Amino acid sequence: MRIEGSGIEDTIIDLKPLDHIMNDIAFIRGGQWDYERVTYDYKINSAEKNVTYYVRIQGYAIEGDVDRGNAVIKLRTPLLGKHYYPHGIEYGEQEEFPESVKDRTTKLLEKAKTELDALKNE
């Protein structure tokens, strides 16, 4: 599910401070990157059997190279996904998400926006 209106989409930021901000709020940039794209995930555990939720923030390099650490990243609209073991993550609008997961997602994205805005104002 796309999380429209978070204020994160279209933010432009250097990769290193972005990595630092995302790490501070527990988003992980694991192996989901290449030379042009980055993906940060926040895992939300669920009481449902074999279900985990993920808040995903993606971005792409508008200049530089992610691998070299000199990229300038433009962020995309955040996503909320539901991982079904062993099938993978579904982001479709037809997915059902508990209100508690939606609320947690909103708070995480608000915190990320606050941190990104603070960096812009330095």
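The values are calculated or read from the model by the stated rules, or taken from the named source; none is laboratory data. No experiment lies behind these values; they were computed from the predicted model shown. Here the Cβ is made from the backbone with ideal geometry for all residues, glycine too, and neighbour counts use every protein chain on show. We work out accessible area using only protein heavy atoms, side chains counted, and drop any ligands, DNA or RNA first. Shrake-Rupley method; radii C 1.70, N 1.55, O 1.52, S 1.80 Å.
Each row is one residue, and each column tells you yes or no for (1) under 20 Å from E4 (Cβ atoms); (2) modelled with pLDDT of 90 or more; (3) exposed (fewer than 14 other Cβ atoms within 10 Å of the Cβ).
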{"site": "G31", "(1), (2), (3)": "no, no, yes"}
{"site": "R37", "(1), (2), (3)": "no, yes, no"}
{"site": "N45", "(1), (2), (3)": "no, no, yes"}
{"site": "Y60", "(1), (2), (3)": "yes, yes, no"}
{"site": "D103", "(1), (2), (3)": "yes, yes, yes"}
{"site": "K111", "(1), (2), (3)": "yes, yes, no"}
{"site": "A118", "(1), (2), (3)": "no, yes, yes"}
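I need every pair where a residue in the stretch 95-111 that is closer than 18 Å to E9 by Cβ has its Cβ under 7 Å from the Cβ of a residue that is surrounded by fewer than 16 Cβ atoms within 10 Å (Cβ to Cβ), sequence separation at least 6 or different chains.
Pairs found: L108/I25; K111/I25.
Report whether or not T77 is touching a Ser or Thr at 6+ places or on another chain (Cβ under 8 Å) and either outside any strand (DSSP E or B) or of a type in the set (S, T, Y) (or both). Walk me through it before giving the result.
Details: touching a Ser or Thr at 6+ places or on another chain (Cβ under 8 Å): yes; either outside any strand (DSSP E or B) or of a type in the set (S, T, Y) (or both): yes.
When the stated conditions are applied, T77 passes them.
Taking the stretch 7-44, which residues are outside any strand (DSSP E or B), of a type outside the set (D, E, K, R) and free of Cβ contacts under 8 Å to residues at least 24 places away in the same chain?
If we filter the stretch 7-44 for residues that are outside any strand (DSSP E or B), which is where we start, we get 7-11, 15-27, 29-36.
Applying the additional criterion that residues be of a type outside the set (D, E, K, R) yields 7-8, 11, 15, 17-18, 20-23, 25-27, 30-33, 35.
Of everything in the stretch 7-44, those that are outside any strand (DSSP E or B), of a type outside the set (D, E, K, R) and free of Cβ contacts under 8 Å to residues at least 24 places away in the same chain turn out to be H20, N23, A26, G30, G31, Q32.
Taking E4 as the residue in question, decide whether it is without any contact (Cβ under 8 Å) to a residue 24 or more places away in the chain, open to solvent by 80 Å² or more (accessible area, probe 1.4 Å) and assigned to a loop (DSSP other than H, G, I, E, B). Walk me through how you get there before you give the answer.
Values: without any contact (Cβ under 8 Å) to a residue 24 or more places away in the chain: no; open to solvent by 80 Å² or more (accessible area, probe 1.4 Å): yes; assigned to a loop (DSSP other than H, G, I, E, B): yes.
No; evaluated as a whole, the condition is false for this residue.
Which of the residues that make up the stretch 47-58 are surrounded by fewer than 15 Cβ atoms within 10 Å (Cβ to Cβ) and in contact (Cβ under 8 Å) with a residue 12 or more places away in the chain?
Applying the first criterion (surrounded by fewer than 15 Cβ atoms within 10 Å (Cβ to Cβ)) to the stretch 47-58 yields 47-51.
N50, V51 - these are the residues of the stretch 47-58 that are surrounded by fewer than 15 Cβ atoms within 10 Å (Cβ to Cβ) and in contact (Cβ under 8 Å) with a residue 12 or more places away in the chain.
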